[in-house]
Amino acid sequence: MSTTPRSDPLAFLEAEVAALRERNLYRALRVMSSAQGPIVSVDGRRVISLSSNDYLGLTHHPRLKAAAAAAASEFGVGSGAVRTIAGTMSMHEALEAELATFKEVPAVLTFQSGFTANTGVIPAITGETDLIVSDALNHASIIDGMRLSKAPRRIYPHADVEALDAILSEVIETGRDGSGEPYRLILVVTDGVFSMDGDIAPLPGIVASAEAHGAAVFVDDAHASGVLGRDGRGSVDHFGLHGRVAIQVGTLSKAVGALGGYVAGPTALRELLTQRARPFLFSTSHPPAVVAACREAIRVMVEEPDLHERLWANTRRFKAELARLGFDTGRSETPITPVMMGDPEMAMRFSDRLMGEGVFAQPVVYPTVALDQARIRTIVTAAHADDQLDAALGAFAVAGRELGLIGG
Ligand code: PMP
């Protein structure tokens, strides 16, 4: 029996998009026609941006631009191969050595992005005989990394060290699959700074609990790189936990201003990842301009500490003013400041209203956050001038009063 072929096998896509639009969950892409920075051109308008992860303003720093241009001129625009074939240049290895020195660890391996660092390292070092214990709000790339691993996993409620401790005690007691056999590795995984709330992981408690149970700690410092610790060395440095966190993942795409990710830890970890991490093995390495920009960024972070100071001064001022206006900024402790809206439709309307006032601040809605936790996510950077922050706060006040979120 034959059936009539359907005219368009992909017709369901339109229905799915329509359903998202109906629930106010469809987000049109905002298109920038300028460089990244505190003022950007979006959809043809010059607006103050509170939406980038460009914490230190390095995306357009003259030293990074010059380094990238010189590298492109001398070494070309592409690396032409994966690292394990012909895509490892001396500059790739130099960047890794410099990052290892900066992070005060024995070895670093770079990846194409923070995302591929997580999806590369987690399945490469865990398997059926291991256990991953993960914070409930960890980044999507950690979740995907766990999905690619054969290791079973347990999730602990966000930042809840007591709950983590209880899980670790239980799994040590029962062993693998309740057999009493010990796990080869128990890996406790957490973001260093949580990307949607801006809170810092309770790392001292996590490390103490892991040590008490013989587990290793893995921190994804994407939003802590360049932000926390001396010269932006990250959450491990911030808490003085050097030598007690086995694996750190960082990104070169946010505060570092260019693109990439890295895994920092023992030499054997780097060696194993060069043999097993699938994005490293099967995806082309960074082009020379990106590598050169990242190397220069590390120097700038150490040699220009005023950028870090300015980032934090701007952060403190912006948070204090938002609170004074009466906004709920959740539990943020870092330059990521969510302004809580609740309902996705309110978040969309608020963002549009801000845009009307010349401020670019994106709504974050389900599935990135829970359905009733929609928010405007803001990040101030070292590059924002005082008058730009004042103008942005003025726009929040206007939108907040008009939409009934704050009084006055
Ligand atoms: N981890 C976390 C916690 C992040 O917030 C991000 C970026 N959104 C990543 C990893 C991915 O980093 P990248 O943009 O370099 O892929």
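The values are calculated or read from the model by the stated rules, or taken from the named source; none is laboratory data. Just so it is clear, the model here is predicted, and its values are computed rather than measured. Virtual Cβ from ideal backbone geometry, glycine too; neighbours counted across all protein chains shown. Keep in mind that these areas ignore ligands, DNA and RNA; they rest on the heavy atoms of the full protein, side chains included. Shrake-Rupley method; radii C 1.70, N 1.55, O 1.52, S 1.80 Å.
For the range 62-303, with all protein chains present and a 1.4 Å probe, just round the carbon and sulfur fraction of the accessible area to a whole percent. Summing carbon and sulfur atoms, their accessible area is 55 percent of the total for the range 62-303. Think of it as helices only: each DSSP H run of n ≥ 4 in the chain is worth -39500 (n - 2.57), and spread over all residues that comes to -13000 deg cm²/dmol at 222 nm. Counting only DSSP beta bridges whose two residues both lie in the range 120-256, roughly 5 percent are antiparallel.
Label the chain by shape, choosing from rounded, prolate and oblate, from the square roots a ≥ b ≥ c of the eigenvalues of the Cα gyration tensor; if a/c is under 1.5 it is rounded, and otherwise prolate applies when a/b is larger than b/c, oblate when it is not.
rounded
Electrostatic tally near ILE406: other residues with Cβ closer than 14 Å to its Cβ, Lys and Arg +1, Asp and Glu -1, net 0. When we measure straight from the Cα of LYS319, which lysines land under 27 angstrom away, once same-chain ones fewer than 8 places off are left out? Of all the lysines, those that pass the test against LYS319 - Cα under 27 Å, at least 8 places apart if same chain - are LYS254. At q = 0.09, 0.11, 0.12, 0.17 Å⁻¹, what is the base-10 log of I(q)/I(0) for the range 62-303 according to the Debye formula with one equal point scatterer per Cα and no solvent? Please give it to two decimals. Rounded to two decimals, the profile gives -0.37, -0.54, -0.64, -1.21. Here's the list of aspartates and glutamates a cross-link from LYS103 could span, going by alpha-carbon distance under 12 Å and ignoring same-chain residues fewer than 8 apart: ASP221, ASP231, ASP237. Just the number, please: percent antiparallel of the DSSP beta bridges in the range 62-303, rounded to the nearest 5. For the range 62-303, the DSSP antiparallel bridge percentage is about 40. Dipole orientation for the chain: of the candidates LEU269, ALA289, LEU203, ALA289 has the Cα lying most toward the positive pole (charges on Cβ; Lys, Arg +1; Asp, Glu -1). The residues of the chain expose on average 44 square angstrom of accessible surface per residue, using a 1.4 Å probe on protein heavy atoms.
Of the DSSP beta bridges with both residues in the chain, give the percent that are antiparallel, rounding to the nearest 5. Just about 55 percent of them are antiparallel.
Residues of the range 263-307 with backbone nitrogen within less than 14 Å of a virtual label 7 Å along the Cα-to-Cβ line of ASP387, please, listed as ranges. Those under the cut-off are none; the list is empty. Largest accessible area first, the residues THR88, THR381, THR116 order themselves as THR88, THR116, THR381 under a 1.4 Å probe with ligands, DNA and RNA left out.
Each of MET32, MET146 has its accessible area taken with a 1.4 Å probe; listed largest first, they run MET32, MET146. How far is the Cα center of the range 296-374 from the Cα center of the range 201-260, in Å? When both Cα centres are located, 22 Å separates them.
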